[in-house]
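Asks: One structure coming up, written as structure tokens, with questions to follow.
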Amino acid sequence: MMLTFGPPTTTTAAAVLSRTSPATHSFTSFQRNINFCFQQIEGYSSFTLNCYRNKAMAETVTTASPTTPYGSKNALISLSDKKNLDLLANGLQELGYTIVSTGGTASALEKSGISVTKVEELTNFPEMLDGRVKTLHPNVHGGILARRDQRHHMEALEKHSIGTFELVVVNLYPFYAKVSSANGVTFDDGIENIDIGGPTMIRAAAKNHKDVLVVVDSEDYPVLLEFLKGNKDDQQFRRKLAWKAFQHCAAYDSAVSEWLWKQTEGDKFSPSFTVPLTLKSSLRYGENPHQKAAFYTDSSLSEVNGGGIATAIQHHGKEMSYNNYLDADAAWNCVCEFEKPTCVVVKHTNPCGVASRDNLIEAYRLAVKADPVSAFGGIVAFNTEVDGYLSLLVFILTITFVLKALAKDIREFRSPTDGETRMFYEIVVAPSYSERGLEILRGKSKTLRILEAKKNSRGKLSLRQVGGGWLAQDSDDLTPEEINFDVKSKKAPEESELSDAKFAWLCVKHVKSNAIVIAKNNCMLGMGSGQPNRVDSLRIAVRKAGDEVKGAALASDAFFPFAWNDAVEEACQSGIGVIAEPGGSIRDNDAIDCCDKYNVSLVFTGVRHFRH
């Protein structure tokens with residue numbers, strides 16, 4: 001026969017008999033065998049029992065009834081982030097709560113002189129497996145999940161001497177911070193920072209929020225204490241906390257899922273994924289006044305230290321609008337493409353002026369000059385700190401003057417169209433500002449939005465919504481240095497012309513298709529955007545460039561489907577010196593022949609830059 005000790009059902013563990021016996025044995029005979037078993041145990045001080053594979057002491061096992069250090073009101077607190085813990089714990093004790101806690105949280109409470117019951121006193125079981133198991137126990141979860149309006153639930157708690165919890169305050173292991181740290185994390189360390197017990201308690205309390213308050217954010221401690229002082233039964237308040245708890249767990253799980261997928265050798269595009277969004281601000285309205293709107297930041301691991309407008313600091317001005325965010329994002333993404341000090345002016349997400357110069361004041365003036373009518377009411381972006389290219393000594397002596405000069409120029413610059421109208425802008429965005437520079441810009445307008453942003457990192461995933469779904473793609477990060485400008489015409493471009501072509505090509509990728517950009521000497525002269533056909537975009541760009549089109553470079557975001565009596569020939573006739581386009585049309589030879597006829601250089605990039 002084989003004896004096995006199972007879970008205790010009374011204060012004395014019951015021995016279970018497992019033996020092979022004929023089916024004809026009577027109950028009386030069976031009972032005699034059990035009694036004999038117990039007699040054998042009592043007759044010897046110890047003996048070895050073969051319990052499947054385990055060796056155990058053969059003596060009467062007594063398990064103490066669970067202690068019940070519960071009060072009339074009980075709070076379970078288990079925190080990784082212990083911010084404002086004293087505020088919470090003192091407030092709860094003043095309200096008569098008994099505090100039950102775990103590990104480091106219990107120790108922190110004890111050091112602060114706060115009375116605390118350790119969770120082991122409830123479970124009668126020590127923390128084990130390096131902390132992996134400490135709250136996963138019926139004495140904990142029974143007290144959280146029991147419905148107070150269900151008699152059989154409460155009878156079950158009473159039968160097993162389990163008390164109820166009225167409040168659960170938990171936050172989770174710092175998984176997000178660990179795996180996104182600058183020093184990185186090993187795979188095993190990342191796994192160990194995946195919280196198990198915490199989400200289980202949070203979800204249990206959130207599910208039973210009608211009876212159990214759940215808090216996951218230290219910012220909610222004051223309002224929680226006020227709610228408890230009022231002794232109210234506000235189910236809306238409870239539901240909001242429960243929603244926040246489930247959202248907290250969902251964001252946490254999305255980070256784990258994102259990180260773990262990157263540890264596999266799977267495709268870049270996982271079969272499913274979650275994007276955790278955090279509300280940054282409610283907006284006055286959306287694209288139009290009748291549309292409600294809000295702005296969210298992306299809390300994905302891939303966005304950590306990723307830069308961009310979403311994380312920009314606003315130093316001054318009116319609150320950002322829906323369209324402000326779109327335009328600022330377009331301006332910042334464009335200006336960050338350039339290595340040299342550059343100014344970009346954007347209107348309705350299209351760059352209408354771009355210029356690169358060593359002197360940012362000159363770059364600003366040239367960018368505005370490209371299309372001053374469109375620049376009015378636009379967004380101005382700079383990619384470089386004004387002091388970024390000065391030596392330390394020059395910085396100490398003159399940087400305040402230079403910053404002041406640029407800020408004053410932005411504030412006082414008059415429209416090139418009439419020389420009188422002071423230029424008006426919605427937003428100025430740059431990597432940084434001096435104190436004096438900010439002071440001058442603030443003087444331009446009470447409403448001018450001044451943003452300080454970090455450059456977008458490369459390799460991000462680009463998402464775009466369509467009805468009922470989302471499109472995902474790599475961001476368009478290619479730069480001219482990564483592209484081969486292949487000369488196709490008889491006339492090869494001069495070095496300055498090729499440089500102009502690369503500048504125009506970098507600009508055109510940020511213009512809405514069909515897109516044409518004309519540029520010379522690192523300055524946009526004109527652009528045509530968003531037209532259903534490439535000919536109209538060309539004509540708009542040429543008109544804006546005016547007489548400066550002679551010898552300039554032209555870049556097209558896609559190939560020219562036709563050449564003769566079409567966009568290519570019109571460009572050649574206007575005086576363009578070099579054309580840069582992707583190539584790939586079945587009529588590429590027509591474009592080459594046309595450029596050769598007019599002695600214009602033609603280069604193929606092999607890369608298209610559609611922007612819809």
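The values are calculated or read from the model by the stated rules, or taken from the named source; none is laboratory data. From a predicted model like this one, the values you see are computed outputs, not experimental measurements. When we count neighbours, we look across all protein chains shown, and the Cβ atoms used for this are built from the backbone with ideal geometry, even at glycine. The protein model used for the area step is the full one, side chains on, heavy atoms only, and it has no ligands, DNA or RNA in it. Shrake-Rupley method; radii C 1.70, N 1.55, O 1.52, S 1.80 Å.
Asks: For ASP189, ASP477, ASP233, give the ranking by accessible area with the largest first, probe 1.4 Å.
Replies: Final ranking, largest accessible area leading: ASP233, ASP189, ASP477.
Asks: Let me ask you something else. Cross-link list LYS460/LYS520; LYS178/LYS455; LYS83/LYS244; LYS73/LYS210: which exceed 25 angstrom alpha carbon to alpha carbon?
Replies: Long pairs (Cα-Cα over 25 Å): LYS460/LYS520.
Asks: Let me ask another. Cross-link candidates for LYS347: which lysines have Cα within less than 16 Å, leaving aside residues fewer than 8 places away along the same chain?
Replies: Result set, ordered by chain and number: LYS369, LYS509, LYS512, LYS544.
Asks: Ignoring everything but the protein chains, give the 1.4 Å probe accessible area of HIS160 in square angstrom, nearest 10.
Replies: The value for HIS160 is about 100 Å².
Asks: Local charge sum around ARG151 (other residues, Cβ-Cβ under 15 Å, Lys/Arg +1, Asp/Glu -1)?
Replies: Working: positive: ARG147, ARG148, LYS159; negative: ASP149, GLU155, GLU158, ASP211.
Here the charged neighbours net out to -1.
Asks: Still on this structure, please answer the following. Roughly how many whole Å is it from the C-alpha centroid of segment 489-515 to that of segment 277-306?
Replies: 35
Asks: In what order, largest first, do GLU226, GLU120, GLU94 sit by accessible area if the probe radius is 1.4 Å?
Replies: Final ranking, largest accessible area leading: GLU94, GLU226, GLU120.
Asks: Starting from the Cα of LYS490, draw a straight line to each of the lysines and keep only those under 16 Å, dropping any in the same chain fewer than 8 residues away.
Replies: LYS597
Asks: May I pose another question? Let me know the volume per residue of the alpha-carbon convex hull for segment 486-604, in Å³. Numbers along the way, then the final one.
Replies: Values: hull volume 9.6 nm³, N = 119.
Considering the Cα atoms of segment 486-604, their hull volume per residue is 81 Å³.
Asks: Just report the Cα centroid separation between segment 78-110 and segment 215-253, whole Å.
Replies: 16
Asks: Between ALA156 and ARG458, how high is the FRET efficiency from 1/(1 + (r/R0)^6) when r is the Cβ-Cβ distance and R₀ = 51 Å? Nearest 0.05.
Replies: 0.35
Asks: With every protein chain present, what is the per residue accessible area of segment 73-262 (1.4 Å probe, Å²)?
Replies: I get 51 Å² per residue for segment 73-262.
Asks: Over the Cα atoms of segment 73-262, Rg to Rh with Kirkwood Rh, two decimal places? Walk me through the intermediate numbers first.
Replies: Working: Rg = 16.7 Å, Rh = 17.3 Å.
Ratio of gyration radius to Kirkwood radius: 0.97.
Asks: Obtain the nm distance between the two label points defined at SER302 and ILE586 by a simple spin-label model: each point lies 7 Å from its Cα along the Cα-to-C-beta direction.
Replies: 3.7
Asks: So, one more: Against the 2.2 N^0.38 Å scaling, with N counting residues, where does segment 425-547 land? I'd like the Cα-based Rg ratio to two decimal places.
Replies: My calculation over the Cα atoms of segment 425-547 gives 1.39.
Asks: Using +1 at the Cβ of each Lys and Arg and -1 at the Cβ of each Asp and Glu in segment 73-262, identify which of LEU109, ASN74, THR123 lies farthest towards the dipole's positive end.
Replies: Comparing the listed Cα positions along the dipole, ASN74 ranks first.
Asks: Count charges around ASP596 for me, please; just the other residues with Cβ under 14 Å from its Cβ, Lys/Arg as +1, Asp/Glu as -1.
Replies: Counting the neighbours of ASP596, the net charge comes to 0.
Asks: Under a Cβ-only charge scheme (Lys and Arg +1, Asp and Glu -1), can you give me the dipole magnitude of segment 486-604 about the Cα centre, in debye to the nearest 20?
Replies: Taking the Cα centre of segment 486-604 as origin, the dipole is about 280 debye.
Asks: Can you tell me the FRET efficiency between PHE125 and ASP474 if r is taken as the Cβ-Cβ distance and R0 is 56 Å, rounded to the nearest 0.05? Don't skip to the end; give the middle numbers.
Replies: Details: r = 51 Å, r/R0 = 0.91.
Here the calculated transfer efficiency is 0.65.
Asks: Using only protein heavy atoms and a 1.4 Å probe, report how much of HIS290 is accessible, in Å² to the nearest 10.
Replies: 150
Asks: Shifting gears a bit: Assuming R0 = 30 Å, can you tell me the calculated FRET efficiency for the pair ASP596 and ASP547, based on Cβ-Cβ distance, to the nearest 0.05?
Replies: Numbers: r = 25 Å, r/R0 = 0.84.
With R0 = 30 Å, the Cβ-Cβ based efficiency is 0.75.
Asks: With every protein chain in place, what's the accessible area of LYS597 (1.4 Å probe, Å², nearest 10)?
Replies: 130
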